[in-house]
Each structure stands twice: as structure tokens, then as C-alpha cells.
Amino acid sequence: MTAPSVSVVMPVRDAASTLPAAISSLQGQTHREIEIVIVDHRSTDRSSEIVRQAARSDSRIRVFAHAGTFVEAANLAWQESNGDLIARMDSDDVAHPDRIAEQVRFMTHHPEIAACGTQVKILKRGPDNSPLPPDQGYRHYESWVNSITTPEDIFAQRFIDSPIPNPTAMIRRPVMESLGGYQDPEWAEDYDFWLRLLEAGHRIGKVELPLLEWFDSDTRATRSKPRYALPRFQAAKAFYLSRLPIVQKLGVTICGAGPIGKEMASLLRARGIHVHAFIEVNEKQIGNEISGVPVLNLDALNQLAGDTVIMAAVGQKGARERIRGLLQAYPLQEGKDFFCVA
């Protein structure tokens, strides 16, 4: 079986302190037959000099510049590439030497898979760029994202958080072309891409190895750009949930009348989705109404299950797992009859 060709694409902006390590980790891949397409996006530091110097010493590296938006720069990178498989990389992360080899092997053996990611190790950068343990939120995300590896789990849990860390992505070129690459919504373009890909009926897999060191820092886009803030992620989830035919037909019942549940109810109602009820275990809330929607106890699930789509919208540790177990016992199928959102 002939291995497909691979293009690693990387948009770069003001990453002089981390870029050499990122490029070096790609040059050191055990799968040698790759091209590395780098787009310099309006850098004001030494990034442009670094990438052009790297290109002079390695013919696999091709460099472009773009002065438009970041999404345009990210799209230009893959549009200028030639590979059958398009792998994303960020300029502040480090790829394991076997990352590309393992992903190529996975995609070759699973032709039904449109895209794949890998597990990750999340680290935080110290003042001198030294690696430190991540903050608690990122530790939780690492644990969750590394736990969902099958196409079925990735599909079912896609409204909890982004199921594929974008700098681990590998995508088949025809799929990338059919989706038009990244769009420019009000929320994160990478999460939007995965939700569109899954909505289109494609399947995503994951290599069950931590093949990327994913660095968190105060300057990372996920911390510094409004489109990556939590309210925008919630808006993305509501947008794609509201497009599901079963949600449009049956409406939703939300397990959890806390901040997450209230926000999701408001966002879904704004998109024309009927919210039947909130389900709560807090006795002080049962019997009340929230914006005209009744708050019921758990027993109400006996009447509602199957006639409405259930949303488990809770943030308390362990609560999602308890609700998931309860709903599966009815039995209801996650990703069809109920969804977990966070």
C-alpha cells in the first residue's frame, strides 16, 4: 500500500521565541517525506527571518506571507500545499518525532476516516520558556480530550468541547476542499471546522498516543482573542445543536438549571428551539420557572425521555457522568437521544 503524501501547514505570527523548536520538531520527524508550508502572518518580530533561514537549509520548507486575517492565512497554508494529507501544526508547540508517521499509518489503515488527531500533553510556559504543569482547567481538558478516541465518542461528545486539538489534526485533502477549509465565524474557526465536518457526515479518529506537546501561555490565541472565549464556544454549540433535525423536531429538555443550563437554554430559544423543561436535583429550585420554563425533578424524565432531546448541561465534577449513566439506563443513546454540553 503506497503511503499518501503529507503537507504540514503552519501559520505563524510573532513566535520567534518558540518557532525554532516547532520547526525543528517537524524536521526531525521519522516520516521524512513531508513538505512544511509556513505562512508568516504579519509578524513584527524575528519570525520571518527564522522561517526563511530554515527554508534555505531545508528544501522541504516553503514560506509564504499574508497580510489579511488569521483565518485567511491558515487557509492559504493548506491551499498552497500539495499533500494528499494536510497536517496542522502551531508555532508554539512541539511534535513528537513519530507524530506524522503514526498518523499516516492510522489514516492508511482507516480509509473511512476523514481526519484524525492525536492525544496531547499540555504544558505551560514559564517566564524563561521552561515547561511547567498546566493550569487546572487545561488539566481537565487534557484528561477529557485524551479519553475520547473512537469516532463514536468523538461524534457523541462534540458539544462538550473541541474534540480534536487543532495542532494535532491531519485531514484528507478532498475533505478539506469540500468544506472550503476554515470559515470565519464569530467563534473559534477550528472548533467550527470540526463541527461542520461532523455535521457533513464525516468521521474523525484519534491516534491513542500523546504525540504533541501543546503549550499554554498568556499570549496564546485561545487566551487572548475574543473569538476563543467561553461565551463564543457556547454560541457555536447552540448554533450547531439548533441545526440538528431531531432537535428542531422534538425540542430539548435541559438537565441542570445552573449557569451552563440557563445559558444554553437562552441560546437555543434564540434560535427557535423549544425548551420543554429544566431537570434539577436541587429541591429549592424544583417547582420554579426560569424564563417561563418549568423546573422539574428527576422523576419527570420517565415521561419526557424519548419525546424530547435531553441536554446534560452541568459543570460540577462528576455530575455529567452521573447524568450520562442515568440516561443510558433508560436506554437513551448519547449523540442521538441526548447530548452532554459544558
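The values are calculated or read from the model by the stated rules, or taken from the named source; none is laboratory data. Just so you know, these numbers come straight off a predicted model, no measurement behind them. A quick note on method: Cβ atoms are made from the backbone with ideal geometry, for glycine too, and the neighbour counts reach across all protein chains shown. Note: areas computed on protein heavy atoms with side chains; ligands, DNA, RNA excluded. Shrake-Rupley method; radii C 1.70, N 1.55, O 1.52, S 1.80 Å.
For the condition in contact (Cβ under 8 Å) with a residue 24 or more places away in the chain, touching a Gly at 6+ places or on another chain (Cβ under 9 Å) and either open to solvent by less than 10 Å² (accessible area, probe 1.4 Å) or over 23 Å from GLU112 (Cα atoms) (or both), GLN248 qualifies. Scanning region 154-183 for residues that are under 22 Å from ASP92 (Cβ atoms) and open to solvent by 20 Å² or more (accessible area, probe 1.4 Å) returns a single hit, ASP161.
Listed by position, the helices (runs of 4 or more DSSP H) contained in region 6-114 that have at least 3 residues being among the small types (Gly, Ala, Ser), more than 25 Å from GLU186 (Cβ to Cβ) and modelled with pLDDT of 95 or more are 19-27, 47-57.
In summary, LYS124 fulfils each of the numbered conditions (1) in a helix (DSSP H, G or I); (2) at pLDDT below 95 with the single exception of condition (1).
Going through (1) in contact with a helix residue (DSSP H, G or I) (Cβ under 7 Å, 6 or more places away or on another chain); (2) at positive phi one by one, ASN129 falls short only on (1).
Checked across region 259-280, the condition of being of a type outside the set (A, V, I, L, M, F, W, C), open to solvent by less than 10 Å² (accessible area, probe 1.4 Å) and either in a loop (DSSP other than H, G, I, E, B) or modelled with pLDDT of 95 or more (or both) holds for at least one residue. Here is a check on your reading of the model: is HIS110 within 28 Å of LEU198 (Cβ to Cβ), more than 19 Å from the chain's Cα centre (by Cα) and open to solvent by 30 Å² or more (accessible area, probe 1.4 Å)? The answer is yes for HIS110.
In this structure, ASP92 does not satisfy being open to solvent by 20 Å² or more (accessible area, probe 1.4 Å) and closer than 19 Å to VAL207 by Cα. Restricting attention to region 22-45, the residues that are over 21 Å from MET107 (Cβ atoms), charged (D, E, K, R) and surrounded by 15 or more Cβ atoms within 10 Å (Cβ to Cβ) add up to 2.
If you go through region 190-218 and keep only what is open to solvent by 10 Å² or more (accessible area, probe 1.4 Å), in a helix (DSSP H, G or I) and of a type in the set (Asp, Glu), you end up with ASP190, GLU199. Residues of region 13-21 include at least one that is among the small types (Gly, Ala, Ser), open to solvent by 70 Å² or more (accessible area, probe 1.4 Å) and touching a residue at least 12 places away in the same chain (Cβ under 8 Å). Looking for something surrounded by 20 or more Cβ atoms within 10 Å (Cβ to Cβ), charged (D, E, K, R) and in a loop (DSSP other than H, G, I, E, B) - is there at least one such residue anywhere in region 284-293? No: zero hits.
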